[in-house]
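Down below is the structure, laid out as structure tokens.
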């Protein structure tokens, strides 16, 4: 009888240690999973911000491409020169209003 009581005590202790180690593993796995989840959420937020920034850059690029096409036309360049630099065609007079 003493051997069976001693055997059950040893098996209970062994089972307690196994359960304790299993519990520690589950705590570690939960902690690691939570940390990884927060990192993933932060990266998703950053991706969304970068997508918005990319859209803004694409719009700006399209505007600049339009401006490049316009600046290749002589009529547009002449219009800009008259408007901002007060240049005129031969025989043309520029009157500046006091406004």
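Laid out as a table, the results:
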| read-out | value |
| --- | --- |
| Three principal axis lengths of the chain [C-alpha, angstrom, descending] | 127, 30, 11 |
| Inter-label distance, nm, simple model (7 Å from Cα along the C-beta direction), residue 78/residue 39 | 6.4 |
| Extension reserve of the residue 96-residue 13 stretch, reckoned as 0.36 nm per residue once the Cα distance is removed | 19.8 nm |
| Acute angle (nearest 10 degrees) that the helix 74-85 long axis makes with the longest principal axis of the chain, alpha-carbon atoms | 90 |
| Principal-axis tilt of helix 2-71 within the chain, Cα atoms, nearest 10 degrees | 0 |
| Structure-based [θ]222 nm, the chain - -39500 (n - 2.57) summed over DSSP H runs of at least 4, per residue, nearest 500 | -30500 deg cm²/dmol |
| Projected label distance in nm at residue 26 and residue 63, using a 7 Å step from Cα toward the beta-carbon | 5.8 |
| Full-stretch length increase - residue 85, residue 6 - with 0.36 nm per residue and alpha-carbon distance subtracted | 18.0 nm |
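No value in this document is a laboratory result; all are computed from the given coordinates. If you're wondering where the values come from, they're calculated on a predicted model, not measured in any experiment. Glycine also receives a Cβ, built like all others from the backbone with ideal geometry; neighbour counts cover every protein chain displayed.
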